């Protein structure tokens, strides 16, 4: 019953958000595009990193793959097919990367994923310079900002649905055991590698699609534009602020932070970077377990800790502490 | 446990949405006009800030100061209004520059928007300028597709030419020298594997072939390369009299140094971005003599000389010798179009397309929304970066060939 109410409320919220372009000016829609994009990125990031404790900085690698796929194919294929191809490329890359690296632990994985974005950027550059002889590509698709927004909103809903489903599936159960103790998990017959790879691939495909959907907004795409490492860092800090292991956690981090970034860059364009750095420090010190973690701690006196915090809390704590160490 | 959390979460989600809604529903009050609002988003931080901070931003600031010191922008009725600037930092992010321009157009409702720095960013915002009806005077965007873009976005103006213009002008200069028997018909080329280098080298290959030159060496190197000795050695052995590098500033400086160390002194030495920086002339002193690059200025143009002097006084650094003067020229065109036609964006765009302007470049008239009368090649001569190409344009100085020995 409560689940049904939750679904109804979420459906109404998404329905209202879908109507927003009819009431907002271009800037308002632009703001919603950015916000929905980051909510989706942070949620997709949390789906893998929040639940496994593997902090990934590869967000922009997949984001860029999606954007570049659209740029490369927008003159030859119909748009829905391009999205499918982009998702397919993201899936294959994620599979290869996952198979090769998910046995790496902790900080090694962080470093590898950070390098992955640069590796893919250099591969694309090499391919474009030696094979096609151009670097920048143009995207002329008849998509207005409202179309991009609706697609992102739909993708955001799908991401949250998948997250909700994973948390209740055998996959989610397996993850909780892995997060608690990998040795126990392998002893009771959970295929740890396969579980992690499955989740990594789902998360990567979602991130790839965010890049693919947002790309037409820039008209012109080159590696320096789409493989901008800031995207990875912002996604990570947003998810951690909200609480990466929870369904709504990343959204709770992404929305206020996005509004804050926007406010800072509109009102303090010359001090943005300093204020941002201070903010990150404050977040890490004051909210190591995110907004959701804070809410649960405030609730703790009235409810038993294990009930309020739930079983997936260790994964979240692990993710947060790994970030601090890394 | 999860439903409780979710309900709470949803409530916060709702609050956030409400805050978001409130933040962009802020009213902009109508008021008596006391200023002309001009906005721009520029890369003040991030990888693009170097280029934007040399070619674009100082000229925006200088122009606003010049106009406001003179009492403001003049309107057709003779009245003057000061410029009020709204400036944003796009942090070298494409999504940020798009949103900043949306903010300028929809929220700040500025009268005119000045373009950002760079080919990619100018293209990213072009559909927005078009949708909101703002004229876009794109300067720091070298593109061969300008004629196509003008068809797509009627109020876009492209003022720095395309890759082919630069390489055709260079091929023309080399042909003339080859006919005079000063150099042989072989060229060695290296280029950076990034936007600028690829555009130029792709344009250069057909340019040289049409001019009857043989490209005996043609390699691409990754941006950030610091050791050019192997490439210089190969070029020495290739037998070409002309060495061309479509390079970025750090590499331009490095190649200049390493060529001296290797005693590599080709008859024609043509380097990329950075050669036209005032610091290049200052750092290399006599050794800059004879080195060629893109851009160049006519030292006999008094208005340009006065502009350079004012730029140095106000900004504290001399303008670069390629895009800067064209940027300032674009702002003067806008200023004169406003003076003739007022603040109506449509009328100003029409004036920019069809009018004739007196600027720091002399008399300027656009052809099909593009500035075609440009200096595409320059050479350091006696401490000045003098325009030498296209060779058939009036005012072009004769190139010094062969390049003098390193000192």
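Quick notes on this one:
- Only one entry of A:182, A:262 meets the criterion of being over 22 Å from residue A:118 (Cβ atoms), surrounded by fewer than 18 Cβ atoms within 10 Å (Cβ to Cβ) and either over 22 Å from the mean Cα position of the chain (by Cα) or in contact (Cβ under 8 Å) with a residue 60 or more places away in the chain (or both), and that entry is A:182.
- Only a single criterion out of (1) touching a helix residue (DSSP H, G or I) at 6+ places or on another chain (Cβ under 8 Å); (2) more than 15 Å from residue B:116 (Cβ to Cβ); (3) without any contact (Cβ under 8 Å) to a residue 40 or more places away in the chain is not satisfied by residue B:65, namely (3).
- Verdict on residue B:318 being touching a helix residue (DSSP H, G or I) at 6+ places or on another chain (Cβ under 6 Å) and either more than 14 Å from residue B:297 (Cα to Cα) or without any contact (Cβ under 8 Å) to a residue 40 or more places away in the chain (or both): no
- Unique residue being touching a helix residue (DSSP H, G or I) at 6+ places or on another chain (Cβ under 6 Å), within 29 Å of residue A:173 (Cβ to Cβ), within 14 Å of another protein chain (Cβ to nearest Cβ) and modelled with pLDDT of 90 or more when the list is A:58, A:13, A:8, A:42: A:42
- Failed criterion for residue B:349 (all others in (1) over 17 Å from the mean Cα position of the chain (by Cα); (2) surrounded by fewer than 21 Cβ atoms within 10 Å (Cβ to Cβ) hold): (2)
- Of the criteria (1) without any contact (Cβ under 8 Å) to a residue 24 or more places away in the chain; (2) surrounded by 13 or more Cβ atoms within 10 Å (Cβ to Cβ), which one residue B:228 fails: (1)
Residue-by-condition table, conditions (1) over 20 Å from residue A:218 (Cα atoms); (2) touching a residue at least 60 places away in the same chain (Cβ under 8 Å); (3) surrounded by 19 or more Cβ atoms within 10 Å (Cβ to Cβ):
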position	(1), (2), (3)
B:79	yes, no, no
B:90	no, no, yes
B:111	yes, yes, yes
B:122	no, no, yes
B:130	no, no, no
B:134	no, yes, yes
B:137	no, yes, yes
B:140	no, yes, yes
B:146	no, yes, yes
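- Boolean, residue B:201 is surrounded by fewer than 16 Cβ atoms within 10 Å (Cβ to Cβ), at pLDDT below 95 and not in a loop (DSSP other than H, G, I, E, B): no
- Lone unmet requirement of (1) within 27 Å of residue A:144 (Cα to Cα); (2) under 13 Å from the mean Cα position of the chain (by Cα); (3) more than 11 Å from chain B (Cβ to nearest Cβ) for residue A:237: (1)
- Annotation: residue A:77 fulfils all but one of (1) in a helix (DSSP H, G or I); (2) in contact with a helix residue (DSSP H, G or I) (Cβ under 9 Å, 6 or more places away or on another chain); (3) surrounded by fewer than 24 Cβ atoms within 10 Å (Cβ to Cβ); (4) modelled with pLDDT of 90 or more; the unmet one is (1).
- Within the option set B:97, B:85, being within 12 Å of another protein chain (Cβ to nearest Cβ) and buried (at least 24 other Cβ atoms within 10 Å of the Cβ) holds for one residue only, B:97.
- From B:304, B:233, B:265, residue being surrounded by fewer than 17 Cβ atoms within 10 Å (Cβ to Cβ) and part of a helix (DSSP H, G or I): B:233
- Each residue in segment B:48-62 was checked for being touching a helix residue (DSSP H, G or I) at 6+ places or on another chain (Cβ under 8 Å), assigned to a helix (DSSP H, G or I) and surrounded by 19 or more Cβ atoms within 10 Å (Cβ to Cβ), and 7 of them qualify.
- When residue A:69 is tested against the conditions (1) within 14 Å of chain B (Cβ to nearest Cβ); (2) farther than 30 Å from residue A:174 by Cα; (3) crowded, with 22+ Cβ neighbours inside 10 Å, the lone failure is (1).
- For segment A:255-272, the set of residues classified as under 20 Å from residue A:292 (Cβ atoms) and more than 7 Å from chain B (Cβ to nearest Cβ) consists of A:257, A:258, A:260, listed by residue number.
- Leading residue by the ranking (modelled with the highest pLDDT) among those in segment A:273-316 that are part of a loop (DSSP other than H, G, I, E, B) and away from every other protein chain (no Cβ under 12 Å): A:287
- Subset tally (residues that are closer than 17 Å to residue B:399 by Cβ and either under 19 Å from the mean Cα position of the chain (by Cα) or crowded, with 21+ Cβ neighbours inside 10 Å (or both)) for segment B:269-289: 5
- Selection status of residue A:275, over 27 Å from residue A:51 (Cα atoms), touching a helix residue (DSSP H, G or I) at 6+ places or on another chain (Cβ under 7 Å) and surrounded by fewer than 23 Cβ atoms within 10 Å (Cβ to Cβ): yes
- Residues satisfying the stated conditions in segment A:16-39, i.e. under 20 Å from residue A:214 (Cβ atoms) and either surrounded by fewer than 13 Cβ atoms within 10 Å (Cβ to Cβ) or more than 9 Å from chain B (Cβ to nearest Cβ) (or both): A:18, A:21, A:36, A:38, A:39
- In segment A:96-141, the residues that are away from every other protein chain (no Cβ under 11 Å) and either in contact with a strand residue (DSSP E or B) (Cβ under 8 Å, 6 or more places away or on another chain) or not in a helix (DSSP H, G or I) (or both): A:102, A:103, A:104, A:105
- Scanning segment A:142-163 for residues being free of Cβ contacts under 8 Å to residues at least 24 places away in the same chain and part of a helix (DSSP H, G or I) gives a total of 3.
- In segment B:311-323, the count of residues that are modelled with pLDDT under 95, under 17 Å from residue B:159 (Cα atoms), in contact with a strand residue (DSSP E or B) (Cβ under 6 Å, 6 or more places away or on another chain) and buried (at least 18 other Cβ atoms within 10 Å of the Cβ) is one or more.
- Checked against (1) out of contact with any strand residue (DSSP E or B) (no Cβ under 8 Å at 6 or more places or on another chain); (2) under 13 Å from residue B:157 (Cβ atoms); (3) surrounded by fewer than 16 Cβ atoms within 10 Å (Cβ to Cβ), residue B:365 passes all but condition (1).
The values are calculated or read from the model by the stated rules, or taken from the named source; none is laboratory data. Remember, predicted model here, so these are calculated numbers, not experimental data. Using ideal geometry, Cβ is built from the backbone for each residue, glycine included, and neighbour counts are taken over all protein chains shown.
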